[in-house]
Amino acid sequence: MKERDLSQLRQEYAAGGLSEADLAPDPVAMFRRWLHDAVAAGLHEPNAMVVSSVSADGRPSSRMVLLKGLDERGFVFFTNYGSRKGGELDANPACALLFPWHDLERQVRVEGEATRLSDAENAGYFATRPRASQVGAWASPQSAVVASRAELDKRYAEAGARFGEDGVVPAPPQWGGYLVTPAAVEFWQGRRGRMHDRLRYRRVSTGSTSVGPDAGSPWRVERLAP
Ligand SMILES: Cc1cc2nc3c(=O)[nH]c(=O)nc-3n(C[C@H](O)[C@H](O)[C@H](O)COP(=O)(O)O)c2cc1C
């Protein structure tokens, strides 16, 4: 595609709307519904999300990971704790997630804090991974500069040989998951004329004095201008 064509690329969004009445009481339940829709629609890698972290000097960076767990606590993904993102999240847990569900004219934005999962949780999930991925987790010093593809292939062969053909591959100490506890979750639905629907759950301190149907909920819902 020629670069000047980019300015002409635009899509009219008409798939549907999102109203306050459509919302689940909490953002994880709401996210579960939309994830279900994304799976049912046959989207490619519906659990792929962008994770953004921030370096010690305040510079953001983003990369894709796969959502591998979801419960009332929040969103879970697995990675190498020694990677760039691992170092940044350990030093500054503030992070953002983005689910880009273009074909449904939807996106979900999450802002929150990342904490490491326990060794037991990591071992439990690692055991379910395909063997080739398990060996790869031992072989790859994720985010480090490497001399060549040949060096990576050698590391992979060595790691495979170390555990034998059928031996159990334990979780590497530097590999594991992060739980992202949400402080805000925005559900975005494209609408005609760029008048999109944006509804954001924001965690407010519990014990707030609010009255009405949301009283006692730690979540406040706000509509944002598109
Ligand atoms: C669709 C997709 C899914 C990915 N899933 C993961 C994942 O679950 N965990 C992971 O560590 N990297 C995953 N990656 C690779 C990351 O995008 C990234 O290259 C890697 O984690 C290193 O990032 P960092 O150097 O910023 O730490 C995925 C990449 C793509 C394109």
Residue check, GLY74 out of contact with any His (no Cβ under 7 Å at 6 or more places or on another chain), closer than 29 Å to PHE126 by Cβ, among the small types (Gly, Ala, Ser) and more than 12 Å from the ligand (Cβ to nearest atom): yes
Hey, ASP5 acidic (Asp, Glu), on the phi < 0 side of the Ramachandran plot and either assigned by TED's automatic domain parsing to the domain that holds GLY87 or surrounded by 10 or more Cβ atoms within 10 Å (Cβ to Cβ) (or both) or not: no
Residues being in a strand (DSSP E or B), in contact with a Phe, Trp or Tyr (Cβ under 9 Å, 6 or more places away or on another chain) and within 14 Å of the ligand (Cβ to nearest atom) - total across segment 94-117: 6
From the options ALA120, ALA150, ALA137, ALA91, residue that is closer than 30 Å to ARG200 by Cα, modelled with pLDDT of 95 or more and either exposed (fewer than 12 other Cβ atoms within 10 Å of the Cβ) or within 14 Å of the ligand (Cβ to nearest atom) (or both): ALA91
Close pairs (8 angstrom Cβ cut-off, 6 or more residues apart or separate chains): closer than 11 Å to ALA171 by Cα in segment 132-143, among the β-branched types (Val, Ile, Thr) and outside any helix (DSSP H, G or I) anywhere: GLN134/VAL169; VAL135/VAL169; TRP138/VAL169
Tally, over segment 153-171, of residues that are of a type in the set (Phe, Trp, Tyr) and at pLDDT 95 or above: 1
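The values are calculated or read from the model by the stated rules, or taken from the named source; none is laboratory data. Keep in mind that this is a model prediction, so the values were computed, not measured. Note that we place each Cβ from the backbone using ideal geometry, even for glycine, and neighbour counts take in every protein chain shown.
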